[in-house]
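Inspection log for the structure reproduced underneath, given as structure tokens.
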Amino acid sequence: MPQIPSPQITHICCIGAGYVGGPTSAIISQNCPSIKVTVVDTDAKRISAWNSPAALPIYEPGLEAIIRNQLNINLFFSTDIDKAIAESQLIFIAVNTPPLEIIDTDCSGRRRGAGADLSAVMECAQRIARVSTSSKIIVEKSTVPCGTSHEVGDILQKYARSGVQFQVLSNPEFLSEGTAVRDLQHPDRVIIGSALQTASEAQEHLKYIYKHWVPADRIITMSQWSAELTKLASNALLAQRVSSINSLSALCESLGADIKEVARGCGADSRIGGDFLRASLGFGGSCFHKDLSSLVWLCDSLRLTPVADYWHQVLLMNEFQTSRFAQRILSTINVRGARIACLGFAFKEGTGDARNTPATRVCRELLTAGARLSVYDPKVPADHILSMLTEEAVESTAANSARVDVGYNCVSVCSRALEAIEGAQAVVVLTAWPEFRCINWEQALQTMPALAHIFDGQAMLDHEYLQKLGFQVVSMGK
Ligand code: NAD
Ligand code: UGA
């Protein structure tokens, strides 16, 4: 067990009970039994779900067990934000920071990307300052543009009661959805950024919490600006690898090469490594797109146009990949009036999160071309899938009477993969859920009409076997 200095932090709270706030607080409570952790949010429905371990608001492998163990022991979920702020010595801000506006232009030097909407972060800062009657450490956990912790500090100072002081630290989160528990329990690194001249004591307090389970050499301290940029840069570098392999997948399809073989060959070079080289129908999720947009915005603001161009290209390549896949389906089969089985909807396997999922775009293009869809995803709730697919369809119905049959009746959500496939003319794989490899494809084929197609957008199935069974297989990168 690492050496823990004498405990000074006994109460902490986390504002924002989302994909970051919930799991992060659960891991802290599990590893720091002497600290009371309260997670607060304005969303009463979400808080109530966190208080019911059987119906947590997010799906993360391993999370339910931790919540069951810690709930109401030293982990609490509440809507009483002011009380939690008042009693805490250290407060994490883990609220959402969505893109402010999307401006997509050519390369003429005009701004592209999107700044981050920091209103929730700033609202929290104001609230903390107004409520606090004692000095506190404020930890910025949300992903924010460089300079935000400085602005948070200014707001805290402006609204602080007399005699109350705040130290602001930047502590970006690097967890991935689907592996959040593992990532939080065994992080590659914990970054703590601070305005070094004033915040070294605050830094020690935050380190004290992490040292309960994170080896000291994995806790890296740096300036606030570096910490904030490290977060954006990490996501940009990961997204860049995905766009790089996806660009090569287009080349493979034209040349007759196989992207999985190319990725394996390249990844075997220890300098390159194999992670994030899986070709797909494009990256999705709430963060890669948002954080790249934020980086592009920042570069353009600083008139670093070639740098902005460089990162913007990662986003453009991602859009190209998704639309390329949809077009490949449309140019292979006539989908008008046909039923297409869509397997997967989440932006990646292991999560029920469908924010910014490439599946939406592919499904919408199929619907617009007149297809009927039966969708199956093991974790994304049915009402969520329907709302994401039919909102636009209903809008387009109003705008264009030719699309009048595109609506709820064109999308059905199924509770099993085989149910979605039954009678469909083609199967489209949209998310790399491992269970899709175990589908009884022989049985599935029997329920489908002749010339059944499989479009494998995640290049994940055993194509040779499927072809032997009689499927026409079209795969990303092959
Ligand atoms: P989320 O939308 O799941 O959760 C945010 C929560 O904050 C919501 O429940 C919302 O109700 C609450 N909230 C918003 N404003 C509030 C306010 N003023 N007071 C109290 N509660 C408020 O978001 P998330 O996915 O957890 O992301 C949070 C931040 O962490 C973002 O900046 C994101 O970029 C970053 N991040 C996310 C991930 C991820 O995997 N999702 C990973 C690393 C970093
Ligand atoms: C990503 C980062 O990996 C986390 O470190 C970061 O904390 C998080 O964003 C964030 O800031 O929100 P996440 O989006 O949850 O995590 O998931 P990833 O595993 O990174 O996948 C992102 C997208 O890229 C998914 O759509 C995934 O399917 C796709 N991907 C990933 C590929 O297409 N190919 C790959 O090889 C890897």
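The values are calculated or read from the model by the stated rules, or taken from the named source; none is laboratory data. What you see is a predicted model; the values in this text were computed from it and never measured. As a convention, Cβ positions derive from the backbone with ideal geometry for all residues, glycine included, and neighbour counts pool all protein chains shown.
Within the stretch 215-235, the set of residues being surrounded by fewer than 21 Cβ atoms within 10 Å (Cβ to Cβ) and within 12 Å of ligand 2 (Cβ to nearest atom) comprises T230, A233, S234. Would you be able to say whether some residue in the stretch 199-220 is at pLDDT below 95, out of contact with any His (no Cβ under 7 Å at 6 or more places or on another chain) and among the hydrophobic types (A, V, I, L, M, F, W, C)? Yes, the stretch 199-220 contains at least one residue that is at pLDDT below 95, out of contact with any His (no Cβ under 7 Å at 6 or more places or on another chain) and among the hydrophobic types (A, V, I, L, M, F, W, C). Filtering the stretch 42-98 to residues that are within 25 Å of the chain's Cα centre (by Cα) and of a type in the set (K, R) leaves K45, R46, R68.
Looking at the stretch 44-57, is at least one residue touching a residue at least 40 places away in the same chain (Cβ under 8 Å) and either outside any helix (DSSP H, G or I) or within 16 Å of ligand 2 (Cβ to nearest atom) (or both)? Within the stretch 44-57, one or more residues are touching a residue at least 40 places away in the same chain (Cβ under 8 Å) and either outside any helix (DSSP H, G or I) or within 16 Å of ligand 2 (Cβ to nearest atom) (or both).
Scanning the stretch 318-358 for residues that are within 16 Å of ligand 1 (Cβ to nearest atom) and β-branched (V, I, T) yields T351, T357.
One line per residue, one yes/no per condition, for (1) within 22 Å of S135 (Cβ to Cβ); (2) modelled with pLDDT of 95 or more:
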position	(1), (2)
V20	no, yes
L71	no, yes
A86	yes, yes
L100	no, no
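Look through the stretch 65-102, keep the residues that are part of a loop (DSSP other than H, G, I, E, B) and within 16 Å of ligand 2 (Cβ to nearest atom), and return whichever of them is surrounded by the fewest Cβ atoms within 10 Å (Cβ to Cβ). In this case the residue turns out to be P98.
Restricting attention to the stretch 5-40, the residues that are surrounded by fewer than 22 Cβ atoms within 10 Å (Cβ to Cβ), in a loop (DSSP other than H, G, I, E, B) and away from ligand 1 (no atom under 16 Å from the Cβ) total 9. Of the set (1) surrounded by fewer than 20 Cβ atoms within 10 Å (Cβ to Cβ); (2) touching a Ser or Thr at 6+ places or on another chain (Cβ under 9 Å), all apply to G178 but (1).
The combined condition, being within 13 Å of ligand 2 (Cβ to nearest atom) and either closer than 23 Å to N96 by Cβ or under 27 Å from the mean Cα position of the chain (by Cα) (or both), is fulfilled by P172. Residues that are closer than 24 Å to W433 by Cβ, in contact with a Leu (Cβ under 6 Å, 6 or more places away or on another chain) and assigned to a helix (DSSP H, G or I) within the stretch 263-292 comprise A263, G267, listed in sequence order. Apart from one condition, I259 fits all of (1) surrounded by 19 or more Cβ atoms within 10 Å (Cβ to Cβ); (2) within 16 Å of ligand 1 (Cβ to nearest atom); the exception is (2).
Cβ separations smaller than 9 Å between residues 6+ apart or across chains give the following pairs from the stretch 231-244 residues that are under 14 Å from L315 (Cβ atoms) to residues that are charged (D, E, K, R) and within 10 Å of ligand 1 (Cβ to nearest atom): L232/D291; N235/K290; N235/D291; A236/D291; A239/D291.
Residue-wise test of (1) surrounded by fewer than 24 Cβ atoms within 10 Å (Cβ to Cβ); (2) under 18 Å from V474 (Cα atoms); (3) touching a residue at least 12 places away in the same chain (Cβ under 8 Å).
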| position | (1), (2), (3) |
| --- | --- |
| I333 | yes, yes, yes |
| G337 | yes, no, yes |
| F345 | no, no, yes |
| E349 | yes, no, yes |
| G352 | yes, no, yes |
| R361 | yes, no, yes |
| Y376 | no, no, yes |
| K379 | yes, no, yes |
| H384 | yes, no, yes |
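For the stretch 416-426, the count of residues that are crowded, with 19+ Cβ neighbours inside 10 Å, in contact with a helix residue (DSSP H, G or I) (Cβ under 6 Å, 6 or more places away or on another chain), in the same structural domain as A354 (by TED's automatic domain parsing) and modelled with pLDDT of 95 or more is nonzero. Comparison of A180, A195 shows that the only residue that is of a type outside the set (K, R), away from ligand 1 (no atom under 16 Å from the Cβ) and in the same structural domain as Q30 (by TED's automatic domain parsing) is A195. Condition test on E435, is it more than 25 Å from A279 (Cα to Cα) and in a helix (DSSP H, G or I)? No. Go through the residues of the stretch 116-126 one by one and say whether even a single one is more than 14 Å from ligand 1 (Cβ to nearest atom) and in the same structural domain as K45 (by TED's automatic domain parsing). Within the stretch 116-126, none of the residues are more than 14 Å from ligand 1 (Cβ to nearest atom) and in the same structural domain as K45 (by TED's automatic domain parsing).
Do we have N318 as farther than 19 Å from E419 by Cβ and crowded, with 20+ Cβ neighbours inside 10 Å here? So N318 fits the description; yes.
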